[in-house]
1. Could you name the aspartates and glutamates in cross-link range of Lys294, using Cα to Cα under 14 Å and dropping any fewer than eight places away on the same chain?
2. How much length is gained on full extension from Asn134 to Glu155, taking 0.36 nm per residue of separation minus their Cα-Cα distance?
3. Do the alpha carbons of any pairs in Lys10/Lys375; Lys232/Lys263; Lys95/Lys245; Lys56/Lys232 sit beyond 22 Å of each other, and which pairs?
4. When only DSSP loop residues count, what GluC sites (Glu not before Pro) in the stretch 105-141 have their Cβ near at most 11 other Cβ atoms within 10 Å?
5. Just subtract the alpha-carbon distance of Glu188 and Leu15 from 0.36 nm times their residue separation and send over the number in nm, one decimal.
6. Can you bin the stretch 255-309 into rounded, prolate or oblate? Criterion: square roots of the alpha carbon gyration tensor eigenvalues sorted a ≥ b ≥ c, rounded for a/c under 1.5, prolate for a/b above b/c, oblate for the rest.
7. List the trypsin sites (Lys or Arg not before Pro) within the stretch 176-244 that DSSP assigns to loop and that have no more than 15 neighbouring Cβ atoms inside 10 Å.
8. Using the Cα gyration tensor of the stretch 1-123, with a ≥ b ≥ c the square roots of its eigenvalues, what is the shape: rounded (a/c below 1.5), prolate (a/b larger than b/c) or oblate (neither)?
Amino acid sequence: MKISIATITKDFNSLEPINDFLENALKYNHKIYSIIIVYSHNCNFRLVESLREKVKVFLLKVNDSPEIIKSLIKIGLSIENINTLLNCRTLKEHKLVPYGMNRNYALIQALLSGTDALFFIDTDVYPKVLVKENDVVREKEIDFIGRHLEYLKKEKVIITTSDYSGYSIIPPMCFNGMRELFLGLQKEDAYEFLRNSEKHACLNLDNDKKKKVFETCKILGGNVAIKLTDYKEIKPFFSTVYNVKGENFLTRGEDTLLGIKFKNCHKKCIDIDTKIFHNTFGNYPKVPDIKKDKSIKDRFFYTCLGWIGRNPFLNWLKGEDVKEVKKLQKEKLVIGSRALAFYLRDERFLILPEALEKSYHDLERVINEYNNTMKAWNNLIEKLEERELNK
């Protein structure tokens, strides 16, 4: 298979972890066709040139990639559709790029270049897992590409994915009102996990040889492979930006939403139960302390806003009673946000109920953005099919 690896970032200024994945692929005899780098702000071009000595590189800057636009025009896609898929208004206005559009840049480039299997890796993940042996946690290298291909090569499978080992994006915490907080954030399972955080410090481990492979609709964007030979079945990623009290926030869950769309697909999405290492806070193995470390507190704040911004559209997509869900979430979030703000001595978290109101208010706008994205994407797939027939 023609394999490409894609990464998205604001600033491209390090070859880590791309080099780690290239070396890992070489070690296990997997040939990489290309690396696709999508960035939005700054780039160290010397690093790109050094990378090109090893592998073909597609370098895409959001809103400034004329080559990909030329390729789309060449296959007959309209300027209107191209703008819908690639023109990022929020980058111009707020210096923010929705995660979904970032990933779609890479996905479109991979489709245009003839890639058979596209692997997305985030800038803080590595081709190894954390395992526990003799009560000691250690890092163990894995055949990252091979593990995904083992299942991706199966006829009915179109996506392979898995969760992460490493510290959870939700750091250890404990306070009265925590259950209400996570119910309001639509992260019910997190509460059960956090109840025992004093024991495990929110450190997830891979189960090594005891794999439990299963069909899923939960996709993790930094540990996922997509079979592009079934391009007619491929759906785009989707997320957006919303404004709360004058500040703009990225919504999360572009991978979650993709998983829901594949639920009704004829193909399967498989969790390969191989939790690659996620250096979540950049300082593993230091145990995250949200009360003492401002950067962790900041990250959790933006993560909460990202979930809240995602949830109304997620509930609509799942066919939930949006008004009823909102009512229940608001009740819980009012209690939980006050408790969290007191626990962290940080008044910023008091904005969470207002953010929930704003995200539900914006739902119609978000649905329109999504429908426009799907229309443009379907037109892209039609043009790719015509290109295939004309070969």
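1. Of all the aspartates and glutamates, those that pass the test against Lys294 - Cα under 14 Å, at least 8 places apart if same chain - are Asp346, Glu347.
2. Working: separation 21, 0.36 × 21 = 7.56 nm, distance 3.93 nm.
Contour length minus the Cα-Cα distance gives 3.6 nm.
3. Working: Lys10/Lys375 27 Å; Lys232/Lys263 15 Å; Lys95/Lys245 17 Å; Lys56/Lys232 26 Å.
Where the Cα-Cα span goes over 22 Å, the pairs concerned are Lys10/Lys375; Lys56/Lys232.
4. Numbers: sites: Glu133, Glu139, Glu141; in loops: none.
Passing both the DSSP loop test and the Cβ count: no residue.
5. Value of the extension gain: 58.6 nm.
6. Numbers: a/c = 5.42, a/b = 1.78, b/c = 3.04.
Because a/c hits 1.5 or more and a/b fails to exceed b/c, the stretch 255-309 counts as oblate.
7. On the way: sites: Arg179, Lys187, Arg195, Lys199, Lys209, Lys210, Lys211, Lys212, Lys218, Lys227, Lys232; in loops: Lys187, Arg195, Lys209, Lys210, Lys211, Lys212, Lys218.
In loop regions of the stretch 176-244 (DSSP not H, G, I, E or B), the sparsely surrounded trypsin sites (Lys or Arg not before Pro) are Arg195, Lys209, Lys210, Lys211, Lys212, Lys218.
8. Values: a/c = 2.11, a/b = 1.41, b/c = 1.50.
Oblate, because a/c is 1.5 or more while a/b does not exceed b/c.
Read-outs throughout are calculated quantities, based only on the coordinates presented, and are distinct from any laboratory measurement. These numbers were taken from a predicted model, which means no experiment stands behind them. Heads up, the Cβs are rebuilt from the backbone with ideal geometry, glycines too, and the neighbour counts pull from every protein chain shown.
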